[in-house]
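Right, one structure below, let's go through it.
The values are calculated or read from the model by the stated rules, or taken from the named source; none is laboratory data. This structure is a prediction, so every number in the text was calculated from the model and none was measured. Heads up, the Cβs are rebuilt from the backbone with ideal geometry, glycines too, and the neighbour counts pull from every protein chain shown. These area figures cover heavy atoms from the full protein model, side chains too; ligands, DNA and RNA do not enter into them. Shrake-Rupley method; radii C 1.70, N 1.55, O 1.52, S 1.80 Å.
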Amino acid sequence: MASAAEAVEELTRLYRELPPRPAVEEVEAAEAVLASADAEEAARLDEVAREEASASASSSAAAPGRADGELLAVLREARRNAVRLRALQQRKEAAYVVELERRFKVFDDLIQRASRVVSSSSDAAEAGGGTTGDGYVGVGADSVDLEMELRKKEAAVAAAAAVAEMERGSKGLAALGLESKPISSLRRDVSAGTDMEKLSLIQVASLIESSAKKGITELSLRGKLVDQIEWLPVSLGKLQDVTELDLSENRIMALPSTIGSLRYLTKLDLHSNQLINLPDAFGELSNLIDLDLHANQLKSLPSSFGNLTSLANLDLSSNMLKALPDCLGKLANLRRLIVETNELEELPYTIGSCTSLVELRLDFNQLKALPEAIGKLEKLEILTLHYNRIKGLPTTVGSLSRLRELDVSFNEVEVIPENICFATSLVKLNLSRNFADLRALPKSIGNLEMLEELDISSNQIRVLPDSFRCLSRLRVFHADETPLEFPPREVVKLGAQAVVKYMNDLNAARGTNQKKTDRGSFWTWLFSLFGCCEKNQEVGLPV
């Protein structure tokens, strides 16, 4: 029996030397990572294959030489191998967790077997009233037999205690740890928002599992993912209670289609990543109100984007968009649209259906014109078109009765339509740096009685219209590098109101001179009339 006790002691020692056992949610996270890694690897290999097919089709006409063809073949194989290596790196940690759990299950089976052996041995000793292994009853035996019987019982008790300790699995309940660092404590730090080192993919997946089970409604992973993480596990879809999710300032290139399961999501921040496209399931986020996608590498938006009918704030700036989809017109609740620093050449006509728009920023694009439908945006207050290739504004701009700020600087504008002066709520108007193209302001610019800031710098305007004198609220006026003659440069340097006063005085002076001219003309006409009568009398003609 001493050998049995030694065996149990050895089992206990081996169990105690095992690494910490992963928690249930961490095993689930690892399995999700492995599934995602497989799907991502397949998608990347398909993408490489498509690129190769496209390159082969375009280069077939060029008929590359044998050496060039061999180099291309090497490059293609290198690309595929790079995809596989990245996938292997992503699987590494998750595979360790899954294998660790598998080994622990083997130990569980072995411990159960040991427990059954010790328990049956202990029960037999108690039932036999001290019976020896040979069936001899210890009652009335000599002291040697009695001592051996006591040792058997002690060994059985010790073995049972050891097995009980193993079955309790105090170490098995410890959270996952790699290199003796438990991830469970790390997860608590993440949820508390404390400063910490960046998370690996398996740690992110584990955090998702934990957050989903706790029903967390707000989760921020801003800048917390290691640089090697280019995609998120499919388990992201388990965060069905989350209303605010921040994944910004990482290096994410793709989102899983399961993101469409986050039906209660109202705010999603994905700025400063490397997203190339969005999954079609993105359109299922029907409760989304705030969406920040700026500073990515988006070239297009999915057709399902129009299903985001609750969207109020959308930032698409600093991407690679050449066009916006027609389905944008379905976003009837959209109030703020930022599409600065893209490659837009035109806006869809359906933009006129975004009737809730208050702010529209289109700076730093390749726009040549605005659609007439822009005039339907009756709630629009801010419209910026800085640094495009626009030659003229649509006449419907006069319908923007709530427009407070208009910036068409750094364009090729030749004429500002007269009916812009119906936009009487304008407070800030920037027409600067249209260089040789813009030569005059609208004659009725004085109707913009609310105007406070006006910039006409670097244009070819030489004379301000007479109605300029009516801009009584103007406090900022810039005309640098503009060859103004009326008013002269000396007056412009004195400030906006000095210019308004000059134009007012100039108009008054013109009026006085005009009256004098009119009076002189009357007397000249009268005198000429009398002279004509006298001459007629001399020749006998009727007066």
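For region 361-403, a tally of residues being touching a helix residue (DSSP H, G or I) at 6+ places or on another chain (Cβ under 9 Å) and part of a loop (DSSP other than H, G, I, E, B) returns 10. Residues of region 327-338 that are open to solvent by less than 50 Å² (accessible area, probe 1.4 Å) and under 16 Å from residue 290 (Cβ atoms): 331, 334, 337, 338. Examine region 433-447 for a residue that is closer than 19 Å to residue 500 by Cβ and either within 35 Å of the chain's Cα centre (by Cα) or not assigned by the TED database to the domain that holds residue 386 (or both), and state whether such a residue exists. The answer is no; no qualifying residue exists. Inside region 287-307, residues that are within 16 Å of residue 244 (Cβ to Cβ) and either in a loop (DSSP other than H, G, I, E, B) or not assigned by the TED database to the domain that holds residue 230 (or both) make up a count of 4.
Scanning region 398-420 for residues that are more than 31 Å from the chain's Cα centre (by Cα) and surrounded by 20 or more Cβ atoms within 10 Å (Cβ to Cβ) yields 413, 416, 420. Exactly one residue out of 38, 46, 108, 68 is modelled with pLDDT of 75 or more, in a helix (DSSP H, G or I) and either in the same structural domain as residue 205 (by the TED database) or farther than 21 Å from residue 205 by Cα (or both): that is 108. The residues in region 469-489 that are among the aromatic types (Phe, Trp, Tyr) and crowded, with 20+ Cβ neighbours inside 10 Å can be counted, and the count is 1. Restricting attention to region 171-230, the residues being at pLDDT 90 or above, buried (at least 21 other Cβ atoms within 10 Å of the Cβ), of a type in the set (Ser, Thr, Tyr) and assigned to a loop (DSSP other than H, G, I, E, B) number 0.
Of the residues screened, residue 310 is one that is open to solvent by less than 50 Å² (accessible area, probe 1.4 Å) and of a type outside the set (Lys, Arg). Check whether at least one residue in region 290-301 is open to solvent by less than 40 Å² (accessible area, probe 1.4 Å) and in contact with a Pro (Cβ under 7 Å, 6 or more places away or on another chain), and report yes or no. Checked region 290-301: at least one residue is open to solvent by less than 40 Å² (accessible area, probe 1.4 Å) and in contact with a Pro (Cβ under 7 Å, 6 or more places away or on another chain). Pull up region 252-279, narrow it to residues that are farther than 24 Å from residue 324 by Cα, open to solvent by 40 Å² or more (accessible area, probe 1.4 Å) and not polar (S, T, N, Q), then point me to the one that is modelled with the highest pLDDT. Only one residue tops the list, namely 264. For region 344-351, check the following and say yes or no: at least one residue is open to solvent by less than 60 Å² (accessible area, probe 1.4 Å), touching a strand residue (DSSP E or B) at 6+ places or on another chain (Cβ under 6 Å), more than 28 Å from residue 461 (Cβ to Cβ) and polar (S, T, N, Q). So far as region 344-351 goes, no, none of its residues is open to solvent by less than 60 Å² (accessible area, probe 1.4 Å), touching a strand residue (DSSP E or B) at 6+ places or on another chain (Cβ under 6 Å), more than 28 Å from residue 461 (Cβ to Cβ) and polar (S, T, N, Q).
Selection of region 423-439 for residues being touching a helix residue (DSSP H, G or I) at 6+ places or on another chain (Cβ under 7 Å) and buried (at least 18 other Cβ atoms within 10 Å of the Cβ) yields only 423. Figure legend. Inter-residue proximity from region 249-267: first residues within 17 Å of residue 311 (Cβ to Cβ) and touching a residue at least 12 places away in the same chain (Cβ under 8 Å), second residues charged (D, E, K, R) and assigned to a helix (DSSP H, G or I), beta-carbon distance below 7 Å, spacing 6+ or different chains. Indicated pairs: 260/284.
From the list 521, 528, 457, the one residue that fits, being modelled with pLDDT of 95 or more and either of a type in the set (S, T, N, Q) or in contact with a strand residue (DSSP E or B) (Cβ under 8 Å, 6 or more places away or on another chain) (or both), is 457.
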